[in-house]
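First comes the structure, then the notes that go with it.
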There are 2 protein chains.
Amino acid sequence: LLKDENSEAALRLFPSDAIARAKLLLKNIGSIGAYSHSQGIPHIRENVAKFIEERDGHAADPSKIYLTQGASAGVQLTLQMIVEHSKVGIMIPIPQYPLYTATLAVLDANPVPYYLDEAKGWGLTTEELARSLSDAKRRGIETRALVIINPGNPTGQVLSEENMRDIIRFCKDNKIILLADEVYQTNIYLPKERPFHSFKKVLKSMGPEFDGFELISYHSISKGMIGECGRRGGYFECEGLDESVLEQIYKISSISLCPNVQGQIMVDLMVNPPKKGDPSFEQYKKEYDDIYYSLIKRAHKLENTFNSLEGCTCNSADGAMYLFPQIRLPKKAIEAARAAGKEPDQFYCLAMLESTGVCMVAGSGFGQVEGTAHFRSTFLPQPELFDEFCGGIQKFHASFMDKYRD
Amino acid sequence: LLKDENSEAALRLFPSDAIARAKLLLKNIGSIGAYSHSQGIPHIRENVAKFIEERDGHAADPSKIYLTQGASAGVQLTLQMIVEHSKVGIMIPIPQYPLYTATLAVLDANPVPYYLDEAKGWGLTTEELARSLSDAKRRGIETRALVIINPGNPTGQVLSEENMRDIIRFCKDNKIILLADEVYQTNIYLPKERPFHSFKKVLKSMGPEFDGFELISYHSISKGMIGECGRRGGYFECEGLDESVLEQIYKISSISLCPNVQGQIMVDLMVNPPKKGDPSFEQYKKEYDDIYYSLIKRAHKLENTFNSLEGCTCNSADGAMYLFPQIRLPKKAIEAARAAGKEPDQFYCLAMLESTGVCMVAGSGFGQVEGTAHFRSTFLPQPELFDEFCGGIQKFHASFMDKYRD
C-alpha cells in the first residue's frame, strides 16, 4: 500500500488496523482503479454474508449477494428485471419513498398502492393488501411484487414480527415476490419494544413450507450511523430466486461493468466495523454511540413536539430518520391554500419554510389518504440546534393556527 | 481537511498541490460523504466546461453538463430518455461496443445497424447511413438517434473531420440526435495524420445553419492515460437540447440521487490535471507520457504483428485501446469449428486462449459483415511482456494455419 519510508508518516495519520484493513482489501481487490467483478468484489460479498449470518442466525450465500451503487440502484435494477410488460404491477406502500413511483414511471409499469394504517402505527393489514391486489386484478394488472419499507420512509415505523409473518404469508398465497427495503435497519429508537427483524430472518423462522419463497432485501451505506450517502454503496441479497434469474441479474449488472470500488469498500466497513481490541475501536464506538443516542433523543423529542401542536398527531418514532405527523388544518387555511393554487399540506409547509427556514416535505409528495394532510420531517438537525428547531416549529404552528383558526 | 498536528505527516505523503486541491474541493463540496447535486458538483462541472472550452475553442455551459458514474451510466440514462416506445430505433455502428445492443435490449428498443467500412479504415459512408435508415423505416421503425464511437471500439479508428461533417449533415437532414461516445479521445496514436476532433468542435465550425443541432457527447475517467475505470466517473454534455428536455434529464438523474462523489472528484482530476510549476506536475507528466508513448509503441507493434500473419489484415492503430483484425480462415478450420458447434471466430479465439493464455474477443460479439471473421485485441499487456505477447500470437497463428491450411 505505502512505500516503507512512508509507513511512519501513514501511521501518524491512520490507526494501524485501518492500514492493515487497507492492505488486506488491496490484496483481495488487486487495484482500486480497475473494474471489479460485476456482482461486487468476492471478498466483500463474503463479509456481507457473514454480517447477514450474524444478524439473522441463518446462512447467507455470497453468490446471491449483489453489491450496488446504493440501494436505489439495486431497487431500479431488480424492478427493471421484474417489469416484463406494461401490464405488470408492483404493490407499493402509501405513503412511500418516491424512488418507487419514479422508477415505475420510467419503466412504464403500474404502481399498485396499499395504504399503511396510521391508526395502527403505520402497520399493514392483510385486508388492505388483499383489497389492493384485487383492485389491481380488476384493472387487468398482473401484480408481480410487493415493496415493503421497514423501518418506514417517510413514516418511521418498525414492523412487528407478527405483521411481517402475515405479509410473507400474503405474498406466498398470491405468488408475489417480496422486495424488502431495509436500509434503515440500524436506525432503531425503541430497541426493546420495537426491535428490527429482517424479513430474511422472519422468513427462515416460518418452516420448510416457505422454502423457495422469493425475497430480495436491500441495504445501503447511506443510512445508519455512518450515513455515507454520497459514496454510493449498498447491496441486495436474493433468497429463493431461480438460478436462471440470478444469471440474468448478473448479466444486467455487467452492462454497467461494476459498482464503484470505493462504495464497495464502504460496504465492507459497514458490515465489518472495528472490533473490540482494535486500535480504532474506541473512536468508532464513541462516534457511533454519540450519533445513535443523540438520534434516539432527537427522534422522541420531535415526536413529543408534534404531539404538542394543536390539531397535530404523530405516531411513535420507532426507526428510520423521519416522522410523518398528520395535521388537521382549519377550513380557513384550506381555503387560503386553494386561493393560492396550492394543496393544503404544501401551503402549510411553504408557510413554515418562509417563517422559520425549516424545510418539511408535504405529504402529497409521498401519498396519503385523500382529505388528510401530513408532512415528513427528519430529525437530523444538529443536537445543539435541536431545541431551537423544535421551538421554531411550535412557535410557527401556533401563529399559523392563530391566523387561520375557524 | 487535516488537523494541524497531522499536516506535517500528510505533507510527507502527498505533494502540497494535492493537499491544496483536496482543501479546495472539500470547501466546494462541503462533505465527501453527503449527497451532491444530482447533476454533479457545480465546481467540478465548471472545470469540465473549462476543459471543453480549451479543447474545442468554443464555449461550454456547466448547466448542460451532467456528471455520471462512467460513460455507460450516461449512455443508459440518455437512451432511456430517447426510447419513447418499442418502435423507436437507434442507429449503432457494426462492429459496436456491446453496451449499445445490451441497453437497447433492456429498453425493448430497436438497434438500427450501420456498417463501418473496413476498406476505408473503419470510416462511415453516408450511403451506408442512408441505407440503414431507410431499411429501418421500411420495418416501421422510428429512428431517433445515431451512436458514433470515436475513437472506435472495437475498431480503433479515428474519424476524419470531413467524415464527421458528413455525419452531422446526415443527422440534421434526418432530424436525428447524434450521440458521440468520445471516451477514447486522448488515446490517439497517429496525432498528426489522425488527430482527434470532438463532434462539438466540428459542429461549431459548420456555421449558424447548424444552431440547435442536437448532440450529446460522453467522456469518462476509465480510459485515456489515467484508466481509473473502477472508480466510475464520467460526464456528458448536451448541445442544442430543449430546456424542457434538460429538465427531464435532471429529473431522471435525481432518482439515483447523485453520482458517487469520489468518481466526480476523479473527473475533476482528469479535466484539470497538475499544471507546469505545480509540485506534482513532473511526476504526473512523466507517468502520463510513459504510458502514452508506450501505448503508441505497443499499438503499432501489434498492428504490424497482425499484418504479418498469414491471411490476416489489420487497419491502422489510430486510437482507443483496440485492434480488430480480419482473419481469413481456411475451409478446414471453418469445418472444424462447425463440427465443434462454434462460430469460426470463436473457435479461433478459443484455440488461441488454450494455446497461449491470450484472451481475444471474437468478432461475433461486436457484429461483423456476414461471412467474415474478426477478433478484438487490446494492446494493454505490460511493455515488458509485449514482445512475448506478440511472439506468442505469431507462433500460435502459424501452428493453427499449419494444422488447418487447405
message: What does the copy distance list look like for B:Ala398, label position 7 Å along Cα→Cβ, in nm and ordered from shortest?
response: 9.5
statement: Rounded to whole angstrom, the alpha-carbon centroid of segment A:327-344 lies from that of segment B:8-51 at a distance of 45
field: Long pairs among B:Lys204/B:Lys275; B:Lys120/B:Lys223; B:Lys175/B:Lys301; A:Lys297/B:Lys251; A:Lys64/A:Lys301; A:Lys297/A:Lys331, criterion Cα-Cα beyond 31 Å
entry: B:Lys175/B:Lys301; A:Lys297/B:Lys251; A:Lys64/A:Lys301; A:Lys297/A:Lys331
statement: Mean shadow area (nm²) of the C-alpha convex hull around segment B:163-273 is 8.4
message: Quick check: pseudo-label points 7 Å beyond the Cα along Cα→Cβ at A:Glu384 and A:Glu8, how many nm apart are they?
response: 3.7
query: Semi-axes, largest first, in whole Å: what does sqrt of 5 times each Cα gyration tensor eigenvalue give for segment A:72-137?
result: 22, 15, 8
- prompt: Along the charge dipole of the protein assembly as shown, Cβ charges K/R +1 and D/E -1, which of B:Leu323, A:Asn6, A:Leu99 sits furthest on the positive end?
  reply: A:Leu99
message: Less than 12 Å Cβ to Cβ from A:Asn28, Lys/Arg counted +1 and Asp/Glu -1: what total charge do the surrounding residues give?
response: +2
field: Cα lying deepest toward the dipole's positive end in the protein assembly as shown, options A:Phe213, B:Thr186, B:Ser220, charges on Cβ
entry: A:Phe213
- line: Toy charge model, Lys and Arg Cβ at +1, Asp and Glu Cβ at -1: the protein assembly as shown dipole around Cα centroid in debye, rounded to 20, equals 160
- request: Starting from the exponent 0.38 and prefactor 2.2 Å, build the expected Rg for segment A:311-357 from its residue count and divide its actual Cα Rg by it.
  value: 1.33
- prompt: So for the pair B:His300, A:Val245, with labels modelled 7 Å out along Cα→Cβ, what separation do we get in nm?
  reply: 5.6
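What is the antiparallel percent of DSSP beta bridges lying wholly in chain A, to the nearest 5?
50
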- request: Project the alpha carbons of segment A:144-214 onto their principal axes and report the range along each, largest first, in whole Å.
  value: 33, 23, 15
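Divide the volume of the convex hull of the Cα atoms of the protein assembly as shown by its number of residues and quote the answer in cubic angstrom per residue.
Looking at the protein assembly as shown, the number lands at 196 Å³ per residue.
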- request: For the protein assembly as shown, give the share of DSSP beta bridges that are antiparallel, in percent and rounded to the nearest 5; count only bridges with both residues there.
  value: 50
Cut-off 14 Å, label 7 Å out along Cα→Cβ of A:Lys120, residues of segment A:145-186 by amide N: A:158-170
- request: Compute the Rg to Rh ratio over segment A:1-72 from the alpha carbon atoms, using the Kirkwood formula for Rh, and round to two decimal places.
  value: 1.08
- prompt: Where Lys and Arg each count +1 and Asp and Glu each count -1, what net charge lies around B:Gly207 among other residues with Cβ under 14 Å from its Cβ?
  reply: +3
message: Can you give the Rg/Rh ratio of segment A:236-375, where Rg is from the C-alpha atoms and Rh is the Kirkwood radius?
response: 1.14
query: So for segment B:348-402, Kirkwood radius off the Cα pairs, Stokes-Einstein at 10 °C and 1.306 mPa s: how many µm² s⁻¹?
result: 131
- prompt: Kirkwood Rh, Cα Rg: Rg to Rh for segment B:97-200?
  reply: 0.96
- prompt: In whole percent, how big is the carbon plus sulfur part of the accessible area of the protein assembly as shown, probe 1.4 Å, protein atoms only?
  reply: 52
query: For A:Leu190 and A:Glu128, what is the calculated FRET efficiency with R₀ set at 25 Å and r taken between the beta-carbons, to the nearest 0.05?
result: 0.55
- request: Give me a single rounded figure for A:229-239: the average over its residues of other chain Cβ atoms within 10 Å of their Cβ.
  value: 4
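Could you give the accessible area per residue of segment A:1-124, probe 1.4 Å, as a whole number in Å²? Can you show the working numbers first?
Details: 5400 Å² over 124 residues.
With all protein chains present, segment A:1-124 gives 44 Å² per residue.
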field: Net charge dipole size for segment A:50-176 [Lys, Arg +1 and Asp, Glu -1 on Cβ; Debye, nearest 20]
entry: 360
- request: Rounded to the nearest 0.05, what FRET efficiency do B:Lys275 and A:Ser16 give with R0 = 35 Å and r taken as the Cβ-Cβ distance? Could you check?
  value: 0.45
message: Run the label-point distances for B:Ser254 please: 7 Å along Cα to Cβ, every other copy, nanometres, shortest first.
response: 3.6
message: Along its three principal axes, how long is segment B:17-130 when you only count alpha carbons? Whole Å, largest extent first please.
response: 52, 32, 23
- line: Once the dipole of segment A:1-62 is set up from charges on Cβ (+1 Lys and Arg, -1 Asp and Glu), the residue from the list A:Ala49, A:Ala59, A:Leu24 lying farthest towards its positive end is A:Leu24
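With +1 on each Lys and Arg Cβ and -1 on each Asp and Glu Cβ, how big is the dipole of segment B:1-52 about its Cα centre, in debye rounded to the nearest 20?
Charge dipole of segment B:1-52: 180 debye, to the nearest 20.
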statement: 1/(1 + (r/R0)^6) with r = Cβ-Cβ of B:Ser63 and A:Leu353, R0 = 25 Å, i.e. FRET efficiency to nearest 0.05, evaluates to 0.50
- request: List, largest first, the extents of the alpha carbons of chain B along their principal axes, each in whole Å.
  value: 74, 55, 37
field: Square roots of five times the Cα gyration tensor eigenvalues for segment A:264-330, Å
entry: 37, 13, 7
Stokes-Einstein translational diffusion, segment B:310-406 - Kirkwood Rh over all Cα pairs, 1.306 mPa s, 10 °C, in µm²/s: 115
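The values are calculated or read from the model by the stated rules, or taken from the named source; none is laboratory data. In this text the structure is predicted, and so the values were computed from the model without any measurement. Here the Cβ is made from the backbone with ideal geometry for all residues, glycine too, and neighbour counts use every protein chain on show. For the accessible areas, the whole protein counts, side chains as well, though only heavy atoms, and no ligand, DNA or RNA atoms are used. Shrake-Rupley method; radii C 1.70, N 1.55, O 1.52, S 1.80 Å.
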